[in-house]
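Okay, so here's the structure we're looking at.
The values are calculated or read from the model by the stated rules, or taken from the named source; none is laboratory data. This is a predicted model, so every value here is computed, not measured. Virtual Cβ from ideal backbone geometry, glycine too; neighbours counted across all protein chains shown. In case anyone asks, the SASA skips ligands and DNA or RNA and just uses the protein heavy atoms, side chains included. Shrake-Rupley method; radii C 1.70, N 1.55, O 1.52, S 1.80 Å.
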Amino acid sequence: MSDHTNGPTGEAAADEQVAQWIGDVPALVMRLDTWYTPEEFHPDMSQESLRLLEEAVVFTYQPEGTPESRDFLQGAMAYLGEALMAVGGGRWGRSADGHPVVLPDPELRLEPLDPLKLIIAAQERDEFGAFTEAVDALRAAVAERGEREPGWKPVKEPTPGLDPWAAEEPHPWLAGWLEERRNGFPAWAAETGSEIQVWDFSPRSLETLGRLVVERFGSREAFKAAEDTPFVQGAIWYVGEVAVHHRRGAWTYREAAERIPREEVEKNIYLERPFVNQPTVRDGVGEVPFYALLATVGREEPAVLLERLDRYKEPSEGDDSVIHRGV
C-alpha cells in the first residue's frame, strides 16, 4: 500500500500500521539481542554493535520465509532504524511499498532512510561497513547542521519501552512522603549525631550513612522491624536523593492493586515502597533504597550503599546526542 492513499481511511490505516510497528520495536530488539546476535553484541546503539549486527546479518541470516527468519529480519530493521534515529532523530514512517523506514529530523532535509535496503546492501557488498557508513553519513549531516546553529540537536520521537521517558507526576502517597521527608530532614540529621554539613547528598556521604546503620542495627531483622520509624524512612529518602542528585534519578511509587494477595505484594520489591529509577537515561536502571540499606546492614559493610549507587547508569554525552521529545 502506498503512503499516498485516497481519503482518511487509508491514512488512518497507515498510521495504525506505523504505531503497531513502533509498539513491536522493543520486543524485536530484545529478541534480536537474545536469539540472533553473538554474545558480545550489546544493544547500545554503538558503532561496534552495528558492526556485529552486520556480520550476523551477512553470515547467519537465511531468508527462508520461516517465522524465525522473519523475526530476525524485523529485529535487525528495528535496531538499525533506532540506531539511525539515535544520531539523526526523527521518527518511524512507511515506505511506498509499506515497510518501516526512518524519517530523520526534518531540519536535516534528508530522504527517508530504509533499514531493509541497508540490510540488502550489506548482503550484496564484498566488504563490511554498510551500517556504520550510513550512521557516519547521518552524523556528518547532523554536524553540518550544528555548525549553522551551535547547540542544535536532532529531535527524536519516542519509542516507548526503548527510549528515555518523562518522569511521572508523583503518586499522591509519594508526594506526601517526599514532603514529609524534606521537612523532617533537619531533625533527621540531628538524630544522626553528625553536623548537618556532613549530609551534603554527595556519593561519599553514603559511606557515612552506611557506617551509621551498621552500628545502629545489629541485624537485618532489627532493620526491618524499624522500617516505619522516622530514622529509617529518612535514611531511605537520603539514599534515593543521592541518586536523584547524581544519576538523574526520579522517585517512583507503585501501589498494589487490591486483588493482589499480600504475599505476592511482598515478593515484588517495587510495590508499595518508594524507589528511584532513571527515566531520562537510555537503559537506565532502578533501585529500592530500603533494600540497599538492608543489604548494608546484612553484610555489615558501609561501602554497600556506594556500590549500589554504581549500579545506576552513569549519564554520559551519548545520552544527549538527540533530544527525546517529551523528556
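Here are a few things to note about the model shown:
- Correct option for volume of the Cα convex hull per residue in Å³ [calculated from the coordinates] among (1) 194; (2) 153; (3) 136: (1)
- For the stretch 1-147, averaging the sequence separation of C-alpha pairs within contact (under 8 Å, six or more residues apart) and dividing by the residue count gives a relative contact order of 24 percent.
- Mean projected area (nm²) of the alpha-carbon convex hull when the stretch 194-271 is viewed from all directions: 6.4
- Max mean-square fluctuation residue, GNM over the chain, Cα-Cα springs under 10 Å, options Arg125, Arg94, Arg220: Arg125
- Considering only Arg311, Arg262, Arg139, the mean-square fluctuation computed in a Gaussian network model of the chain, springs between alpha carbons under 10 angstrom, is largest for Arg262.
- Taken per residue, the accessible surface of the chain reaches 53 Å², heavy atoms only and a 1.4 Å probe.
- The stretch 153-196: translational diffusion in µm²/s, Stokes-Einstein, Kirkwood Rh over Cα pairs, 37 °C, 0.692 mPa s: 235
- Helical content of the chain, expressed as a calculated mean residue ellipticity at 222 nm, amounts to -16500 deg cm²/dmol (DSSP H runs of 4 or more residues, -39,500 (n - 2.57) each, divided by residue number, nearest 500).
- Using alpha-carbon coordinates, inclination of helix 47-59 to the longest axis of the chain, degrees: 50
- Pairs of Cα atoms nearer than 8 Å and 6+ residues apart set the relative contact order; for the stretch 182-327 it is 28 percent.
- Its Cα gyration tensor gives the stretch 181-233 an equivalent ellipsoid. The semi-axes, each the square root of 5 times an eigenvalue, are 19, 14, 9 Å from largest down.
- Summary of the geometry: the stretch 116-148 and the stretch 249-327, compared by the centres of their Cα atoms, lie 37 Å apart.
- Cα shape, the stretch 143-282, gyration tensor, a/c 1.5 rule: oblate
- Built amide H within the under 5 Å cut-off of Gly90, gap 5+: Asp105, Val155, Lys156, Glu157
- The 3J(HN,Hα) values that the Karplus relation (6.51, -1.76, 1.60; θ = phi - 60°) gives for the stretch 228-238 are, in residue order, 8, 6, x, 5, 5, 4, x, 5, 4, 4, 4 Hz. Gly and Pro appear as x.
- Rounded percent of accessible protein surface that carbon and sulfur make up, the stretch 174-327, 1.4 Å probe: 48
- Percent of Cα-Cα distances greater than 17 Å, calculated over the stretch 39-87: 33
- Volume per residue for the stretch 1-150 equals 124 cubic angstrom (convex hull of Cα atoms).
- When only Cα pairs below 8 angstrom with a gap of at least 6 residues are kept, the chain shows a relative contact order of 17 percent.
- Taking 4 °C and 1.567 mPa s as conditions, the stretch 213-327 diffuses translationally at an estimated 84 µm²/s according to Stokes-Einstein applied to its Kirkwood radius (Cα pairs).
- Taking the 1.4 Å solvent-accessible surface of the stretch 38-157 as the whole, the part contributed by carbon and sulfur is 52%.
- Rounded if a/c under 1.5, otherwise prolate or oblate - the stretch 80-140, Cα gyration tensor axes: oblate
- Amide H contacts for Tyr61 (H built 1.01 Å from N in the peptide plane; partners 5 or more residues away or on another chain; cut-off under 5 Å): none found.
- For the chain, built as a Gaussian network whose Cα springs stay under 10 Å, the top-fluctuating residue of Thr296, Thr66, Thr34: Thr66
- The packing ranking of peptides 77-90, 276-289, highest mean first, is 77-90, 276-289, where packing means the average number of other beta carbon atoms within 10 angstrom of each residue.
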